[in-house]
Amino acid sequence: MKNKMIEISRKTGLLALAAAAAIGMPLLAGPAQAADAVKPIQLEWSFEGVFGVYDRDALRRGYKVYKEVCAVCHSAELVRFRNLMEPGGPEFSEGQVKALAADIVVIDGPDNSGEMFERPGEPKDRFPSPYPNPEAAAAALGAPAPDLSVIAKARPDGVNYLHSLLVGYAEAPEGFEVLPGLHYNTYFPGHVLAMPQPLSDGQVDYEDGTPNTVDQMARDVTHFLMWTAEPKLEQRHRIGFQVMIYLVLLSGFLWFSMRKVWSDQH
Amino acid sequence: MSHQSTYTPGNGFSRWMDERLPVMRLVNDSFVDYPVPKNLNYWWTFGAVLSFCLAVQIVTGIVLAMHYIPTTELAFASVEHIMRDVNYGWLIRYVHSNGASMFFIAVYIHMFRGLYYGSYKAPREVLWILGVLIYLLMMATAFFGYVLPWGQMSFWGATVITNLFGAIPLVGEALRTWLWGDFAVGDPTLNRFFSLHYLFPFLIAGVVILHVWALHVTGQNNPAGIEVKDPKKDTVAFTPYATMKDAFGLSIFMILFAYFVFFNPNGLGEPDNYIIADPMKTPAHIVPEWYLLPFYAILRAVPDKLGGVVLMFGAIAILFVLPWLDTSKVRSARFRPLYKQFFWIFVVVCIGLGYCGGQSPDKILIPVGEGGFDVTDLSRILTTYYFLHFLVLFPVLGLIEKPKPLPESIAASVLGSEPAKS
Amino acid sequence: MAQTHAVEPTRRDFLYVATGSFAAVGAAYAIWPLIDQMNPDASVLALASIEVDISNIPVGQESTFKWRGKPVFIRHRTDAEIAAAESVDVATLPDPESDVARLRPGPSGEIDKKWLVVIGVCTHLGCVPLSYRGEFDGYFCPCHGSVYDTSGRIRKGPAPTNLEVPPYAFLSDSRIMIG
């Protein structure tokens, strides 16, 4: 019996080793960071973890920051107004979304006479792009402004990085030369970027009374950009938890069935 | 099949069918009454895990192809359309993208198990070679698939890998242009990669059938590395004994799989691949997916372009001749004290190569004066060891090593008459 | 000893049945996403309703709009067409339905008989019928010769039912929302 126990623990040990090796793989694959990259400020986010969900209020405030600040230069063309009322997002009402969409002008057509025409935006429309194409944006702004739809997944440690970047503008250290038109940022790889500091205290009016500090706005807009990158996160976590419970139970069933099957062999 | 068929049709219809297309007999003899050594451990469940991975990849892949658009203009957006709009699209896509990693985790465990227990040795050489062929096809399929989302890593990975062929003397340049169908990676490249990405899994499935066939001719190797003597005492029926054990192993594996799909779906990927491909701008550090990193390290370890390519492909090619490099009379590392140690060193070397492949080549590991010992230096040492392991240690160890006494039979090894430590 | 032996098989069977059923339920759930992904996705559903301007359709003419990938005919009927549609004995029709039952109330709540809105897909096998053709000056399907009247009702030919009326509503005198 004792031998048996040792045998079992050895086997589970091997499995654990396999699992550890498997989980260790991403560490190997971890991208080679630029040597001068500064580790972003590590924050806790409500959407992290097994039961992670978005904070609706943060998403709504974040949308306001996005719309009034980011969208002046950046596009987010994978996001559509209707997404704003879908479950797991800011969950605006249908009326609110229709009103938000109607604020923009969309060029549609051709109509029956072959002409393009302008119409108010509808929920099915994409978030408007401030420039007709990336080249136009780069020409007007002096540097390409990346599309923000999936930006939170497109940078290492995405959400922490975005927040850090937004709060990371500072005076360049002594002896660090910053060319005209560029700006110093503690967290940007290489420290100089074309985007000027986008947020200042009190810039965006918050209707829910949350203090509109740079840090708070940076958190909110990052929260919002995580949602635009992963709009199905809440559904994923919910189903994932159910799947895990199921698989653990299934493994239990299979374990006992297997022991029964093998019992006549020992 | 090496053993006698035990199938007896139960009723009139199955008798009628058996005389015309004995498919039930085939299933029965291969997966029900098929005898397997009774001492197989959990490392042997990875065959079933791999079949599961292949099936999952094919099914989810067919579904994704219903929504994916293989043009440079729309590929990235169509993947995001799947993630955002298609019903359960995010689930299917994350299962597929993480499924590739799971497939490779399983295949590496499966291969290292073969190395540890000497499963490649006579009479299982063809079985092993078919396995290496599957592994090669898997790498090609994974590479084609990684190009499809048309992110930055897709584009630059495709550019770098296709440029490897440019290293071939005389025809390299023409071959590369032929692969592209363009003067750089572009629309024609993406389209043909999509076509091949759809085709290759079915080639894999075909070779898997041969692999399983070859397995059933020789019978399975086992942890003791000795052949079945008395089927009554040494073996059990595949069903239910092996099937239940496989099902349990698979279930545990699926927990790991589900963890990645639901709670860390991008943990194994590169953030850069969420940036749409830009042929004008190379990301600061381009790395392949983790499962190809060791080979990438070998490629970079050589300062010569052609030399690097030759060595990288050589690292895989050497696996084909493995059965003839090993001179040991004993299969299982359980009874090969020296080989066992070198096996684990080899595992560490492979992981080390993977580490090197993921790092910037000029990253200093041990500073010495101005420069120091960098990633490239480490890659060179590990690459050298990789080849020494097969070319020198394999032939030599078998000659100088004094194996431990083998158990009398598989049944005896199960009952514990084998040497206590294994 | 003998007793345990007698009990054993049922317990064992129960365990196997439970394991098998549990696995089967999981497999069934796993298949659902693979089926559901073929249903219309969120982007398709978002386009499922359209608003059209009918103010520039003159009396005696018809405009075609695309809705859910299919043509919708909006016909501004003449008095003669309305009269023709109303004069027929409903009971004698292959698919009995009165003209007024196929119309929808306008913004005032009253039915304006001038506007006929039907999906331009023959109920036989899905071809698009030709307008102002056929014996009744309604619609004529060129594929297999089904004939519809000025209310879009089947009168002759193989089609089993009348042209379908899509869900629609008047937003104003000049705008209709379909879907």
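Tell me, please, whether a residue that is charged (D, E, K, R), buried (at least 20 other Cβ atoms within 10 Å of the Cβ) and touching a residue at least 12 places away in the same chain (Cβ under 8 Å) can be found in segment B:313-331.
yes
Being assigned to a loop (DSSP other than H, G, I, E, B), under 28 Å from B:Leu268 (Cβ atoms), modelled with pLDDT of 95 or more and of a type outside the set (Phe, Trp, Tyr) is true for just one of A:Leu78, A:Leu59. Which residue is that?
A:Leu78
Filter segment B:235-246 down to residues that are buried (at least 22 other Cβ atoms within 10 Å of the Cβ) and more than 7 Å from chain A (Cβ to nearest Cβ) and give me whichever is farthest from A:Gln242 (Cα to Cα).
The selected residue is B:Thr235.
For segment C:139-155, which residues satisfy the criterion of being free of Cβ contacts under 8 Å to residues at least 24 places away in the same chain and part of a loop (DSSP other than H, G, I, E, B)?
Answer for segment C:139-155, where residues must be free of Cβ contacts under 8 Å to residues at least 24 places away in the same chain and part of a loop (DSSP other than H, G, I, E, B): C:Cys141, C:Pro142, C:Cys143, C:His144, C:Gly145.
Has segment B:375-382 got any residue that is at pLDDT 90 or above, away from chain A (no Cβ under 14 Å), in contact with a Ser or Thr (Cβ under 8 Å, 6 or more places away or on another chain) and not in a strand (DSSP E or B)?
no
Within segment B:269-318, can you find the residues that are facing chain A (nearest Cβ under 9 Å) and among the small types (Gly, Ala, Ser)?
Within segment B:269-318, B:Gly269, B:Ala284 qualify.
At least 1 residues that are within 14 Å of chain B (Cβ to nearest Cβ) and among the β-branched types (Val, Ile, Thr) in each: list the helices (runs of 4 or more DSSP H) lying fully within segment A:132-244 that qualify.
It comes to A:158-167, A:214-229.
How many residues are β-branched (Val, Ile, Thr) and free of Cβ contacts under 8 Å to residues at least 24 places away in the same chain when one looks only at segment B:1-44?
Selection size over segment B:1-44: 3.
Quick check on this structure: which one of B:Tyr68, B:Tyr94, B:Tyr88 is in contact with a helix residue (DSSP H, G or I) (Cβ under 6 Å, 6 or more places away or on another chain), within 7 Å of another protein chain (Cβ to nearest Cβ) and either within 17 Å of B:Ile255 (Cα to Cα) or not basic (Lys, Arg) (or both)?
Testing whether each residue is in contact with a helix residue (DSSP H, G or I) (Cβ under 6 Å, 6 or more places away or on another chain), within 7 Å of another protein chain (Cβ to nearest Cβ) and either within 17 Å of B:Ile255 (Cα to Cα) or not basic (Lys, Arg) (or both) leaves just B:Tyr88.
Being within 13 Å of another protein chain (Cβ to nearest Cβ) and under 30 Å from A:Ala143 (Cα atoms): is that true of A:Glu122 here?
no
Does segment C:94-111 hold any residues that are of a type in the set (Lys, Arg) and either over 13 Å from C:Leu163 (Cα atoms) or touching a His at 6+ places or on another chain (Cβ under 9 Å) (or both), and which are they?
C:Arg104
Would you mention how many residues in segment C:51-75 are assigned to a strand (DSSP E or B) and more than 10 Å from every other protein chain (Cβ to nearest Cβ)?
11
Yes or no, residue by residue, for (1) surrounded by fewer than 20 Cβ atoms within 10 Å (Cβ to Cβ); (2) facing another protein chain (nearest Cβ under 7 Å); (3) in contact with a Gly (Cβ under 6 Å, 6 or more places away or on another chain):
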site: B:Ser195; (1), (2), (3): yes, no, no
site: B:Phe200; (1), (2), (3): yes, no, no
site: B:Glu227; (1), (2), (3): yes, no, no
site: B:Phe248; (1), (2), (3): no, yes, no
site: B:Phe257; (1), (2), (3): no, no, no
site: B:Phe262; (1), (2), (3): no, yes, yes
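Only residues that are loosely packed, with under 13 Cβ neighbours inside 10 Å and either among the small types (Gly, Ala, Ser) or assigned to a helix (DSSP H, G or I) (or both): list them for segment B:346-371, please.
Answer for segment B:346-371, where residues must be loosely packed, with under 13 Cβ neighbours inside 10 Å and either among the small types (Gly, Ala, Ser) or assigned to a helix (DSSP H, G or I) (or both): B:Val348, B:Gly369, B:Gly371.
Outside any loop (DSSP other than H, G, I, E, B) and not acidic (Asp, Glu): is that true of A:Lys39 in this structure?
Judged against the criteria, A:Lys39 is not a match.
Could you say which residue among B:Gly151, B:Gly99 is surrounded by 20 or more Cβ atoms within 10 Å (Cβ to Cβ) and within 15 Å of the chain's Cα centre (by Cα)?
The conditions single out B:Gly99.
Which of the following residues is exposed (fewer than 14 other Cβ atoms within 10 Å of the Cβ) and aromatic (Phe, Trp, Tyr): A:Phe81, A:Phe117?
Being exposed (fewer than 14 other Cβ atoms within 10 Å of the Cβ) and aromatic (Phe, Trp, Tyr) holds for just one of A:Phe81, A:Phe117, which is A:Phe117.
Looking only at segment A:128-164, count how many residues are farther than 17 Å from B:Gly269 by Cα and among the aliphatic types (A, V, I, L, M).
Summing the residues that are farther than 17 Å from B:Gly269 by Cα and among the aliphatic types (A, V, I, L, M) in segment A:128-164 gives 10.
The values are calculated or read from the model by the stated rules, or taken from the named source; none is laboratory data. Please read these numbers as outputs of a predicted model, since none were measured by experiment. Every residue, glycine among them, receives a Cβ derived from its backbone with ideal geometry; neighbour counts consider all protein chains shown.
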